[in-house]
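The values are calculated or read from the model by the stated rules, or taken from the named source; none is laboratory data. Quantities reported herein were computed from a predicted structural model and do not represent experimental measurements. Note that each Cβ is placed from the backbone with ideal geometry, even for glycine, and that neighbours are counted across all protein chains shown.
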Amino acid sequence: MPKASNLQKGRIINIDNHPYQVRQIDVHTPTARGANTLYRVRYASLITGQKLDQTYKGNDVLEEMAVDKRRVSFLYRDQNLFTFMDSENYDQYTLSEETLEGQTQWLVDGLEGITTLLRDGHPLCIELPQTIDLAIVETAPVIRGATATNRNKPAVLSNGISVLVPEYMTAGEVVRVNTETGQYMTRVKT
C-alpha cells in the first residue's frame, strides 16, 4: 500500500471499491513550520470516466487495487472504439475513446509495447510505452548552418501531431517522441 508521498501517475487506487487511476499530482509545500506537505491528486474512474479530486498528507496510506497487466498491441480503430490484441494468447480487448483520454493520438497501427490493465478479465485502461518512433511528414526546409544552432522548428509527424524538432531535421526522418509530454527526444538512426 503506497503512501501519498510515494504516489505515481498511472497507478490504480481503490476508492470505495472502485478503480481510480491517478492522472495528476500537485504537491503543495506549506511555508509555516510544522505544517504538512499536501498532495492534491486528480483521479479518473476507470469504469465511468468521472474525475475525482482528493487531498492527502504525505503519510496517508492508500489502497492500491490489484490488476493484471498484459502486453498488447494496437490493431485498429472502429469509430470511437479501439481494439488491442494480447501478445501471448491473442485475446482481443476493446476500449472506448473516453477511456483512452489523451492517449489516442499516439495509437498507430501495429504499435507494440502497450500494457493493458485487466480486472476480472475486463480491460480497464492501457499504459503506452514511454517513447514512440514516428516519421516526420512535413517540416520547413533545412537552414544552412543550422547544425551549429540550438533552435527548433515545427514538424508534423505521421500520426498528425506537431512537435518542435531541431532545425536540421528534414521530412522522412524518424524521431523519438515522449508519449507523456509529447516532446521530441532524439533522432532515430535507420
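Remarks
- Counted residues, region 80-114 - those being aromatic (Phe, Trp, Tyr) and more than 18 Å from the chain's Cα centre (by Cα): 2
Conditions tested, residue by residue: (1) in a loop (DSSP other than H, G, I, E, B); (2) acidic (Asp, Glu); (3) within 30 Å of His18 (Cα to Cα); (4) outside the structural domain of Gly49 (by TED's automatic domain parsing).
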position: Tyr76; (1), (2), (3), (4): no, no, yes, yes
position: Glu101; (1), (2), (3), (4): yes, yes, yes, yes
position: Thr116; (1), (2), (3), (4): no, no, yes, yes
position: Lys153; (1), (2), (3), (4): no, no, no, yes
position: Gly160; (1), (2), (3), (4): yes, no, no, yes
position: Leu164; (1), (2), (3), (4): no, no, no, yes
position: Glu180; (1), (2), (3), (4): yes, yes, yes, yes
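- All conditions in (1) within 21 Å of the chain's Cα centre (by Cα); (2) closer than 26 Å to Lys9 by Cβ hold for Asp120, with the sole exception of (1).
- Region 38-67, residues that are outside any loop (DSSP other than H, G, I, E, B) and surrounded by fewer than 12 Cβ atoms within 10 Å (Cβ to Cβ): Asp53, Val61
- Filtered residues of region 175-190 (kept if touching a residue at least 40 places away in the same chain (Cβ under 8 Å), under 17 Å from Glu138 (Cα atoms) and touching a Leu at 6+ places or on another chain (Cβ under 7 Å)): Val175, Val177
- Condition check for Ile126 on (1) in a loop (DSSP other than H, G, I, E, B); (2) within 24 Å of Tyr184 (Cβ to Cβ); (3) modelled with pLDDT of 85 or more: one failure, at (1).
- Verdict on Asp53 being among the acidic types (Asp, Glu), closer than 27 Å to Met1 by Cα and in contact with a helix residue (DSSP H, G or I) (Cβ under 7 Å, 6 or more places away or on another chain): no
- Checking each residue in region 11-26 for being exposed (fewer than 14 other Cβ atoms within 10 Å of the Cβ) and at pLDDT below 90 picks out Asp16, Asn17, Gln24.
- Some residue of region 9-26 being free of Cβ contacts under 8 Å to residues at least 60 places away in the same chain, outside the structural domain of Glu97 (by TED's automatic domain parsing), farther than 27 Å from Leu95 by Cβ and not in a strand (DSSP E or B): no
Here's the yes/no breakdown for (1) loosely packed, with under 12 Cβ neighbours inside 10 Å; (2) modelled with pLDDT under 90; (3) farther than 22 Å from Lys69 by Cβ; (4) in contact with a Pro (Cβ under 8 Å, 6 or more places away or on another chain):
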residue	(1), (2), (3), (4)
Asn89	yes, no, no, no
Gln103	no, yes, no, no
Arg119	no, yes, no, yes
Ala135	no, no, yes, no
Pro154	yes, no, yes, no
Met185	no, no, yes, no
